[in-house]
């Protein structure tokens, strides 16, 4: 058994059952091995950013790592943006990157790069296999590292000769580390703070943004009078009818400051102290009020759920939160199509247990207004701010959850970064509805000009944000990659197309020409 075969079997033994792949010459033996070893599904992406984003979406929905297979340093570089997002989402990924044979590196062939240095910027763990015999143990170590709480990108660099040479036996499934427990004293101190009754905010992130964590936080809020707020962006949040109501910290500084105004105690559960997304002139970047005291109940790698359970008991919290989302289905919108009406239509028609991959950017500003009262659903944010995430993450989520409808709510400009996702969706017959907010502009950057103090937009600056010369035809692009596509510029058209796409399985795309 060669190194590649032993690695594939080790991955399968460790519960890694899907590989999102864009291979090259150095990875050929791994490619051959997936036919010789049972249990590994391979999903081809036409661009590495699709592969890394899909692995992110898969890991967010399953809590288990998929693997990638990328071609040397340039292939890793092409996938870097969505590995950055995955790092911020704390997603488990086994990121496999091929390299030249160990004895070939000294010749500095054209594709030679310092892969380890590139990988370290987005990985919590990096290792290069030094021999074929070491490959299975390295693979098992990568799985264990990816699963280390709260989850991370583990990059294994695989030289070609380590793939083709005779190897050791495959490694068994590695033991997974468990989150460390929060000290009882820490929980008691937080309970003491909450009993004082001063204005307090419990800021949540990570796994506590799922249903159980939100329910516990809602109970604690009811017992203490504290507010629960979610970090601005999260890898996965569960929302909808019957779940605890939670506010989300806004992107703009002023509303974020207003939301936290008067807070005497900020209690962090898997979250970091909130800061602005960027530094803007004459605006604060530290969002916590000046005299507010910050307390950490649980770090990201600690047992946040367990800590919340103990805290709820210490506070004699009631069995239910005070506020739950109630079912509130709006009527279908009519007339001129706007971003808000797109969300309204989705809220009117969305099926239960849907998954929303949201990269609508400015077009998603009103989303919560409409979606929070719909049936239970999962929400996947663009965590790291690197655009081109929406459609790849939707692709991976659909691979992970084939029985659930996935909606990729996608801005047109960022969608162009990874539109090859559509081809993979068609090839795999994935149940994804991609909705393109077609405003023909990098709309968010017009707002950023104002935030940095530019009062007038000149013709050259304005042209750099325009996507209308020439206009992008999303219907033709999607159909060229095998995805059924429609274009709507009225609410009536959009409603009709969305309803048909929800009824029909398989990938669909709706270009929503919006007027704002």
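Would you calculate, for the chain, the mean residue ellipticity at 222 nm contributed by helices, counting each DSSP H stretch of 4 or more residues as -39,500 (n - 2.57) and dividing by all residues, to the nearest 500?
-11000 deg cm²/dmol
For residue 254 and residue 316, what is the calculated FRET efficiency with R₀ set at 25 Å and r taken between the beta-carbons, to the nearest 0.05?
Using R0 = 25 Å, I get an efficiency of 0.10.
Go through 316-322, 480-486 and give me the packing order, highest mean Cβ count within 10 Å leading.
Result, highest mean Cβ count within 10 Å first: 480-486, 316-322.
Within 10 Å, count the other beta carbons around each residue, average over each peptide in 230-238, 50-58, and list them highest first.
50-58, 230-238
Pull out the extension gain between residue 116 and residue 467, defined as 0.36 nm times the separation in residues minus the alpha carbon to alpha carbon distance; nm, one decimal. Please list the in-between numbers first.
Numbers: separation 351, 0.36 × 351 = 126.36 nm, distance 3.66 nm.
122.7 nm is the gain from fully extending residue 116 to residue 467.
Looking only at Cα atoms, what is the convex hull volume of the chain per residue, in Å³?
Once divided by residue count, the hull of the chain is 157 Å³.
What distance in nm separates the two pseudo spin-label positions at residue 36 and residue 185, each 7 Å out from Cα along the beta-carbon direction?
5.6
Quick check: residue separation of residue 326 and residue 105 times 0.36 nm, minus the Cα distance between them. What number comes out in nm?
Result for the pair: 73.5 nm of gain on full extension.
Residue 44 to residue 460: FRET efficiency via 1/(1 + (r/R0)^6), r the Cβ-Cβ distance, R0 41 Å, to the nearest 0.05?
Calculated value: 0.55.
As an exercise, take the mean of 1/r over every pair of distinct alpha carbons in the range 184-314, invert it, and state the Kirkwood radius in angstroms.
Averaging 1/r across every pair of different Cα atoms and inverting gives 14.8 Å.
What shape does the range 339-513 have by the C-alpha gyration tensor, where a ≥ b ≥ c are the square roots of the eigenvalues, rounded means a/c under 1.5, and otherwise prolate means a/b greater than b/c and oblate the rest?
prolate
For the chain, give the share of DSSP beta bridges that are antiparallel, in percent and rounded to the nearest 5; count only bridges with both residues there.
On the way: 9 of 76 bridges.
Bridges in the chain are about 10 percent antiparallel.
For each of 328, 487, count neighbouring Cβ atoms within 10 Å of the residue's Cβ, then give the residues from fewest to most.
328, 487
Subtracting the Cα-Cα distance from 0.36 nm times the residue separation, let me have the gained length for residue 450 to residue 429 in nm, one decimal.
3.3 nm
What ranking do 169-175, 460-466 get when scored by the average of other Cβ atoms within 10 Å per residue, highest first?
Values: 169-175: 15.3, 460-466: 11.9.
Descending packing order for the listed peptides: 169-175, 460-466.
Once label points are set 7 Å from the Cα along Cα→Cβ at both residue 282 and residue 353, what is their separation, rounded to one decimal in nm?
5.3
Under a point spin-label approximation (7 Å from Cα along Cα-to-Cβ), what is the residue 195-residue 28 distance to one decimal in nm?
7.1
Looking at the range 144-251, what % of the alpha carbon pairs are farther apart than 20 Å?
On the way: 3426 of 5778 pairs.
Percentage above 20 Å: 59.
FYI, it's all coordinate maths here, none of it is from the lab. Worth saying up front: this structure is predicted, and the values here are computed from it rather than measured. Note that we place each Cβ from the backbone using ideal geometry, even for glycine, and neighbour counts take in every protein chain shown.
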